[in-house]
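The values are calculated or read from the model by the stated rules, or taken from the named source; none is laboratory data. Note that the structure is predicted; figures quoted are calculated from it, not measured. When the accessible area is computed, the model is the full protein with side chains, heavy atoms only, and any ligands, DNA or RNA have been set aside. Shrake-Rupley method; radii C 1.70, N 1.55, O 1.52, S 1.80 Å.
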Amino acid sequence: MVYPFELPTTSHLSFQTLLSSHTHPSLPQSATTARHALRLALKAHNRLPRGFQHDSHLTSVLSAINDYLPYVVALAQGLNNGKPIDTTTPSTTTHSEEIRVAQRAELEPEWRATLASSSLPRPSTNRTRGSGIQYELAFILTTLGYVLSSLARSGVTRTLYASTTPSAEQRTAAVQTATKHLLQASAIHSFLSSSPYFTTISEGATVPDLAPATQAALSSLALAEATLLTVLKDDSYVVACIQARNPNDKDWMVRAPEIPKVRAHLFARLCIRAAEYAEQAATGLSSVAAEGRKAGVDEDVARYARVLGLVARARACRFFGVDAELAGKVGEGIAWLRAAKGVLGLRNTSSASAEEVTTKSRGLSKLKLGFRERREERKLEKGAGGERVDKGGLGPGDNAGREEEGRVLEMLETKWVRVNDTMNTQLIPSSADYVANLPSGRDVLPPQPPYTPPSLDEERLFQMRAPPTDPELNSGSDVGDSDFESPTASDAHTPGAFPGRADNAYY
């Protein structure tokens, strides 16, 4: 239930040929070294198939960003006459040493935009060129937000869709860690959308990834996902449905899945708030194309936000139905379930009588339903680390949780209709007006402090006062250098050959 962001890549950039510092001469070259490590980490990650991009690779990218980010912040501060780049928060830390950086030539970093809609088939190696250190810093922070969201997604899917059913403690730990990552990503995107330091790139950049509306929408999207994850932590219905469809689970031989009573009314209000966040994100992402740019945000991202909002509202209806069923109002609970199915666009059986539903379930429709579910299960393969991924590259949750929520609704409706037909025989009211009368949402996430870019510690900054001694990194060639294909055969070395020899001669 977290969007699978694609990480951008960048070309080589040598700061020491473009910038100089008389206060800290080694700063530009140290920044180049850290940037080179990040560039290699991003390219190594994107060369892997989507089903194999797991925590270990994301952690290496995160470590490279955390190592490089203080250097580029120091360069930005030096180019800003020693002033901090974040002037919105009074608690911004400043260095005891003054940093001064002079610009020799125009700084034009190149990054591959991953959210821009394009007519070119993906993956595309085309990169967009920006101007200034603001462009570089904005893309680094955006990439950091993508990595944090990807870590949240990987941790939740790896736990919920593992071969063995996770315990409540494992599920809680995974959801709490993922929520923490999403809140950090939301704070970063919010900082990029509101900081006046990045107004110059937002006015002149044609790439939609860095537009303030895009960053604000991504911040709202992360808040929506974090809110739904908070509900998912105690949502035993989704867990029971996933467990029932897991071919490796054997717990059903011992005991039935435990579904304790939940705070249904509270969870429904939280889901409504998540829907409001998702709708804000969808509106912001759809409006970027109308701002005069050549390309807007990819429709897949905006569609995901819209579907996430529908899933959140359907989940709110389901919890209102659970609340009614716990109060003994099974008929009203069934009406809430059918309202949720209407929100998701699922076929509703409300017009059919109980006898027709029973006859169809015993006949050909039941056979077709079982065949369809078995065919969907065959599409799921075992990926690295135990995560089930689709052959087309889509994993669990890529549809914003619509399939999982639809199966939960079907499971509860079948159970409650059977109970109502045999025991309660309550009248099922019409569900037409249920969605329109939903109450307002309620926040559950604590207020997050504004994001503050990290700075170099005093010891490392003191070391930058020494003159550079290491030779300049080889820029390499970007011609034909794909960010997605595996390394070419020319990169391999013959065993026993002298390293660096073009003819791989033995020695």
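Judged by the gyration tensor of its Cα atoms, with axes a ≥ b ≥ c, region 121-187 is oblate; a/c meets the 1.5 cut and b/c is at least as large as a/b.
Couplings 3J(HN,Hα) of region 212-228, computed from phi: x, 5, 5, 5, 5, 5, 5, 5, 5, 5, 5, 5, 5, 5, 5, 5, 5 Hz, in residue order, whole Hz [Karplus 6.51 cos²θ - 1.76 cosθ + 1.60, θ = phi - 60°; x for Gly and Pro]. Each residue of region 26-35 was assigned a 3J(HN,Hα) from its phi angle through the Karplus curve 6.51 cos²θ - 1.76 cosθ + 1.60 (θ = phi - 60°); the sequence is 7, 5, x, 6, 5, 5, 5, 4, 5, 5 Hz, with glycine and proline shown as x.
For the set 180/341; 180/233; 180/415; 83/180, the pairs lying more than 25 angstrom apart at their alpha carbons are 180/341; 180/415; 83/180. If you sort 423, 464 by accessible surface, 1.4 Å probe, largest first, the order is 423, 464. Note on exposure: 190, 14 ranked by accessible area (1.4 Å probe, complete protein assembly) read 190, 14, with the most exposed listed first. Near the amide H of residue 9, within less than 5 Å, lie the amide hydrogens of 112, all on another chain or at least 5 residues away, with H placed in the peptide plane.
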